Amino acid sequence: MTTELRPAPSTDRPPVPVMPPAPALAPARPEPEDATTGRIEIEALNVYYGAFRAVRDISMTVKPHAITAIIGPSGCGKSTFLRTLNRMHELIPQTRVEGSVRLDGEDVYDPSVDPVALRRVVGMVFQRPNPFPTMSIYDNVVAGLRLTGRHRAAELDEVMERSLRRAALWDEVKDKLKSSGVSLSGGQQQRLCIARALAVDPEVILMDEPASALDPIATLRIEELMAELRTNYTIVIVTHNMQQASRISDYTAFFTMGPDRSGYLVEMDSTVQIFTNPKQQLTEDYVSGRFG
Amino acid sequence: MAGATQAIGAGRLTGTRAASRRTRTDQLMRSVAALAAIACVVPLAAVLVFVTLNGISALNVDLLTKASRAQGIGGGAFAAILGTVQMVGLATIIAVPFGVLAGVYVNEFASRRSGRAIRFAADVLVGVPSILIGVFVFTFLVLPFKQYNAFAGSVALAVIMLPVIMRTTEEILKLVPVSLREASLALGIPTWRTVLSVVLRTGLPGILTGIMLAVARAAGETAPLLFTALGSQLVNVGGFNKPMDALPLFIYVNARQPFELQNQQAWGAAFLLLLFVLVVNILVRTRTAGRRAQ
Amino acid sequence: MTHITLSARSWQGSGRLADITFRGSSRIAASALVALLILIGVLLFATSRLTWETFGLSFVTGQTWDPVAGVFGALPFLVGTILAASIAVIFAAPIGIFTAIYLSELAPRRLATPLTFMIELLAAIPSVVIGLWGVFILAPFLRLTVEAWIVSVFGWIPFLGGPTYGIGLFSAGVILTIMILPTIVTISREVIQAVPGSQREAMFALGATRWEVIRRAVIPFARSGIIGAVILGLGRALGETMAVTMVIGNKDAIPASLFDQTQTIASKIATSFSEASVGIETSSLIALGLVLLVLTIIMNVVARLLVWRVAEPVGGR
């Protein structure tokens with residue numbers, strides 16, 4: 001089925017289908033009422049590697065208890081931006097941030113903020129599953145808890161089981177909790193990493209292309225998992241897979257690379273809007289597959 | 001519900017008392033690690049300082065030009081210097097062809113398995129105490145002839161240099177791109193010529209570096225010479241069938257003498273030896289680092 | 001591997017002989033290396049056979065070394081060797097591992113590079129030069145400071161009391177520490193740097209301090225390699241000759257205290273070999289060497305296997 005795109009001024013145009021109707025697109029959920037935690041407000045955020053500006057002037061709001069997807073071509077700073085939300089970019093020397101990131105009103109770059117504490121509240125899952133190979137499944141899940149000095153077996157057991165259940169992994173591993181974390185399949189390892197992130201009870205979970213290294217079936221399970229998780233956590237996911245973004249996210253932010261090779265936010269809106277009625281031409285081009 | 005167990009509001013991101021304990025542990029361990037690094041460097045500084053101070057004051061023309069070591073009467077390290085130059089020179093002549101060819105074999109011709117075995121053998125050989133190498137050479141180059149001789153000393157030093165040169169050659173050749181070899185072979189140049197003129201020539205700077213390091217190492221070895229070249233008070237030029245002195249031997253013998261003058265000479269010789277070894281090492285390492293940075 | 005390319009193309013007529021010669025001679029050279037290793041073991045065994053036939057394995061446990069009486073036992077030297085090497089490892093392992101951690105995880109690049117360079121230089125200093133420094137500078141210093149302090153605080157423990165000479169087991173241990181530090185630091189640093197960044201990231205993302213990341217993610221991953229580094233250091237300490245010979249006191253007896261004078265296998269061979277009478281005495285000294293050879297080769301092999309396991313990581317490069 002071909003669809004025609006009529007060039008029209010961006011301020012005033014009739015809705016034009018930019019891709020075949022996707023039944024997976026659900027209307028954006030209304031903002032939950034008890035959304036007191038997990039809201040991130042980003043204002044005029046710039047990220048520099050040395051003198052090079054990698055990310056330019058981002059201003060957006062991540063709504064709590066929803067999934068926000070960040071899409072865009074490779075190299076436009078999506079991952080860099082994601083990492084500024086839990087200050088993981090500071091692991092790379094000579095990285096600098098300007099602007100503000102507020103988690104529930106608190107500026108995370110305030111000098112009094114301890115990045116260690118921040119990362120407990122804002123967790124992260126990475127592109128390639130990275131369970132600790134020298135630890136068992138059990139130890140992997142509770143690794144974060146042990147950092148805060150919680151060692152009582154009863155407490156650890158409880159949190160571990162709860163996290164593994166929340167990550168939809170409990171049934172598969174409950175009989176082999178002592179085996180090594182890397183003895184699982186790729187998809188299971190990633191769910192283990194998610195369980196590990198959940199165990200420290202964060203408010204926000206950042207996911208950097210969490211399923212891109214996995215096979216389609218494992219990917220689907222991760223996506224189902226994310227849909228379940230959103231009731232309790234704020235999720236921000238970077239993905240280069242547009243269909244994935246349209247399937248699971250409530251809000252979508254489209255990044256692209258400017259002429260000075262810095263990434264910037266083109267448009268952010270509810271997922272339905274972005275994929276059916278984007279306001280920017282660049283967005284429309286991207287989601288309709290006009291350029292990579 | 002997420003966040004319910006966290007204290008909401010100020011303090012959530014700024015940490016708790018437990019967190020500050022972790023911060024203090026972090027800072028403490030970082031300091032411990034830094035102290036450890038300092039502890040490693042202090043002995044180096046101490047050795048350099050004392051050898052230089054004591055050695056320079058012992059440096060005089062006599063030290064460099066006289067040979068006899070009659071107790072308390074003076075003399076110098078001339079025989080030792082000559083001996084080191086000769087024995088290390090001969091050792092290099094013996095070890096380089098073997099070592100380079102062996103490195104060539106491992107990298108160019110050997111199968112994966114045998115390459116690994118040879119590399120392993122080289123690493124084990126490097127770990128054999130040098131005194132046992134001296135004993136080894138003694139058994140077939142000194143004992144049968146009942147004669148301590150400098151040739152045995154050179155062979156012992158060559159055995160020590162051999163695996164070092166082989167490993168360096170092999171590592172350097174690994175870096176030469178395959179395309180270079182293929183281009184040469186495609187032009188009809190036979191294998192042996194390819195390896196010699198193309199591969200080895202490309203890798204020559206690195207191989208020379210490895211040889212220099214091996215030379216510096218051999219120059220400083222004492223134990224393998226103890227029962228091969230034995231050492232001597234006489235100047236020996238070219239007499240490889242007889243005992244010969246060497247700088248490290250000179251240092252060792254003079255250090256153990258109860259006479260102040262001999263000890264002074266030991267410091268002087270140690271300074272010379274240290275200077276040589278350090279200069280070679282610094283030259284080599286700065287050149288490698290510079291090359292690597294390109 | 002480039003060998004496939006080379007062997008397939010050598011069909012040039014006139015170059016064939018040259019090729020075969022070249023290949024052959026390089027193969028001989030490589031085999032010579034392996035043969036050398038085997039030959040060392042064989043020759044040392046052959047020339048010490050007299051001792052093994054005379055004493056058998058009780059040579060290793062014999063406590064007396066008396067050339068006049070014709071009794072030779074290796075135990076005092078074995079004990080001295082192991083004690084000196086153990087002291088060295090006990091000091092050098094923590095210092096070396098922490099230094100490796102500092103250089104690879106904590107130090108800024110501008111500091112790490114010169115520091116690493118200096119530690120590598122330490123490894124290049126000839127043993128006899130360190131021995132000279134040890135005899136005239138370190139040993140007297142230790143006697144006046146560290147040894148005196150240990151005796152004053154712990155002297156009531158039998159092994160830690162007694163007269164201090166400076167020259168003795170303790171100084172030998174300290175000098176060995178200095179000499180094996182570069183080995184431990186260099187190899188530990190390599191294996192620590194081989195730990196994938198994703199492991200560190202995972203631990204950081206859970207909210208860990210830098211030390212916690214090192215302790216809980218990096219070190220466990222690199223553990224077998226670090227152990228390998230320490231064992232390699234131990235192997236070096238066992239075989240180190242000149243510096244030890246010059247500061248250990250050369251007394252053929254099991255040390256009565258930490259500060260007593262004693263002898264290692266290497267120092268015994270170094271001091272007695274040239275005056276030994278050919279026959280059972282020389283044979284026994286060579287037998288001592290054989291014991292040392294077996295010890296160091298075992299250490300070396302075990303250590304390298306451990307290091308290779310970390311340096312070539314799980315799942316390939």
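The values are calculated or read from the model by the stated rules, or taken from the named source; none is laboratory data. All figures in this text were calculated on a predicted structure; none of them were measured in a lab. Because the Cβ atoms are built from the backbone with ideal geometry, glycine has one as well, and the counts that use them run over all protein chains shown.
Numbers below:
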{"item": "Of all residues making up region C:207-225, the number that are modelled with pLDDT under 95 and either over 19 Å from C:I97 (Cβ atoms) or among the β-branched types (V, I, T) (or both)", "result": "3"}
{"item": "Residue in region B:92-104 that is part of a helix (DSSP H, G or I), more than 9 Å from chain C (Cβ to nearest Cβ) and under 27 Å from C:L238 (Cβ atoms) present", "result": "yes"}
{"item": "Selected residue (criterion: nearest to the other protein chains (Cβ to nearest Cβ)) from residues of region B:173-189 that are surrounded by 17 or more Cβ atoms within 10 Å (Cβ to Cβ) and either in contact (Cβ under 8 Å) with a residue 40 or more places away in the chain or basic (K, R) (or both)", "result": "B:R181"}
{"item": "Scan of region A:209-240 for residues that are touching a residue at least 60 places away in the same chain (Cβ under 8 Å) and polar (S, T, N, Q), ordered by number", "result": "A:S212, A:T231, A:N232, A:T234, A:T239"}
{"item": "Residue under evaluation B:V126, criteria (1) more than 8 Å from chain C (Cβ to nearest Cβ); (2) over 30 Å from C:A243 (Cα atoms), criterion not met", "result": "(2)"}
{"item": "Region A:244-260: number of residues that are touching a residue at least 40 places away in the same chain (Cβ under 8 Å) and out of contact with any strand residue (DSSP E or B) (no Cβ under 8 Å at 6 or more places or on another chain)", "result": "1"}
{"item": "Check on A:T95, within 7 Å of another protein chain (Cβ to nearest Cβ), over 16 Å from A:Q190 (Cβ atoms) and of a type outside the set (K, R)", "result": "no"}
{"item": "Hits in region A:134-159 (condition: within 14 Å of chain C (Cβ to nearest Cβ) and part of a helix (DSSP H, G or I))", "result": "A:D139, A:N140, A:V141, A:A143, A:G144, A:L145, A:R146, A:L147, A:V159"}
{"item": "Residue, surrounded by the fewest Cβ atoms within 10 Å (Cβ to Cβ), within region C:157-211, restricted to residues that are under 29 Å from the mean Cα position of the chain (by Cα) and of a type in the set (S, T, Y)", "result": "C:Y165"}
{"item": "Matching helices (runs of 4 or more DSSP H) fully within region B:190-261 where at least 3 residues are among the aliphatic types (A, V, I, L, M), under 17 Å from B:A95 (Cα atoms) and more than 10 Å from chain C (Cβ to nearest Cβ)", "result": "B:201-219"}
{"item": "Members of region C:60-87 that are more than 16 Å from C:S267 (Cα to Cα), of a type in the set (A, V, I, L, M) and touching a residue at least 24 places away in the same chain (Cβ under 8 Å)", "result": "C:V60, C:I87"}
{"item": "Selection status of C:G235, closer than 14 Å to C:F77 by Cβ, out of contact with any strand residue (DSSP E or B) (no Cβ under 6 Å at 6 or more places or on another chain) and not charged (D, E, K, R)", "result": "no"}
{"item": "Matching residues, region B:108-127, being over 27 Å from C:R236 (Cβ atoms) and assigned to a helix (DSSP H, G or I)", "result": "B:E108, B:F109, B:R112, B:R113, B:S114"}
{"item": "Residue tally, condition within 7 Å of another protein chain (Cβ to nearest Cβ), farther than 24 Å from C:E120 by Cβ and of a type in the set (G, A, S), over region B:17-38", "result": "2"}
{"item": "Index of the failed condition, C:I90 passing every other in (1) within 30 Å of B:A36 (Cβ to Cβ); (2) in contact with a Leu (Cβ under 6 Å, 6 or more places away or on another chain); (3) surrounded by fewer than 15 Cβ atoms within 10 Å (Cβ to Cβ)", "result": "(2)"}
{"item": "Answer from A:R221, A:R247 - the residue that is in contact with a helix residue (DSSP H, G or I) (Cβ under 7 Å, 6 or more places away or on another chain), over 30 Å from A:Y138 (Cα atoms), of a type in the set (K, R) and not in a loop (DSSP other than H, G, I, E, B)", "result": "A:R247"}
{"item": "Looking only at region B:161-172, and only at residues there that are within 25 Å of B:Q86 (Cβ to Cβ) and either within 11 Å of chain C (Cβ to nearest Cβ) or modelled with pLDDT under 90 (or both), the one that is surrounded by the most Cβ atoms within 10 Å (Cβ to Cβ)", "result": "B:M166"}
{"item": "All positions within region B:144-157 that are within 10 Å of chain C (Cβ to nearest Cβ) and buried (at least 19 other Cβ atoms within 10 Å of the Cβ)", "result": "B:Y148"}
{"item": "Subset of region A:169-181 [surrounded by 18 or more Cβ atoms within 10 Å (Cβ to Cβ) and modelled with pLDDT of 90 or more]", "result": "A:L169, A:V173"}
{"item": "Test: A:L103 is more than 8 Å from every other protein chain (Cβ to nearest Cβ), in contact with a strand residue (DSSP E or B) (Cβ under 6 Å, 6 or more places away or on another chain) and of a type in the set (A, V, I, L, M)", "result": "no"}
{"item": "Subset of region A:233-258 (residues that are surrounded by fewer than 18 Cβ atoms within 10 Å (Cβ to Cβ) and farther than 14 Å from A:P73 by Cβ)", "result": "A:Q243"}
{"item": "Helices (runs of 4 or more DSSP H) contained entirely in region C:97-184, each with at least 1 residues that are in contact (Cβ under 8 Å) with a residue 40 or more places away in the chain, away from chain B (no Cβ under 14 Å) and over 26 Å from B:L283 (Cβ atoms)", "result": "C:148-154"}
{"item": "Complete set of residues in region A:109-150 that are among the charged types (D, E, K, R) and farther than 24 Å from B:R24 by Cβ", "result": "A:R128, A:D139"}
{"item": "Which listed residue is in contact with a Ser or Thr (Cβ under 6 Å, 6 or more places away or on another chain), buried (at least 16 other Cβ atoms within 10 Å of the Cβ) and either at pLDDT 90 or above or within 17 Å of C:I40 (Cβ to Cβ) (or both), from B:G134, B:G55", "result": "B:G134"}
{"item": "Any hit, region C:5-22, residues being modelled with pLDDT of 90 or more and at the interface with chain B (Cβ under 9 Å from one of its Cβ atoms)", "result": "no"}
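Let's see how each residue does on (1) at pLDDT 50 or above; (2) assigned to a loop (DSSP other than H, G, I, E, B); (3) over 29 Å from A:V101 (Cβ atoms):
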{"position": "A:T2", "(1), (2), (3)": "no, yes, yes"}
{"position": "A:P9", "(1), (2), (3)": "no, yes, yes"}
{"position": "A:M19", "(1), (2), (3)": "no, yes, yes"}
{"position": "A:P23", "(1), (2), (3)": "no, yes, yes"}
{"position": "A:P30", "(1), (2), (3)": "yes, yes, no"}
{"position": "A:P73", "(1), (2), (3)": "yes, yes, no"}
{"position": "A:S79", "(1), (2), (3)": "yes, no, no"}
{"position": "A:L82", "(1), (2), (3)": "yes, no, no"}
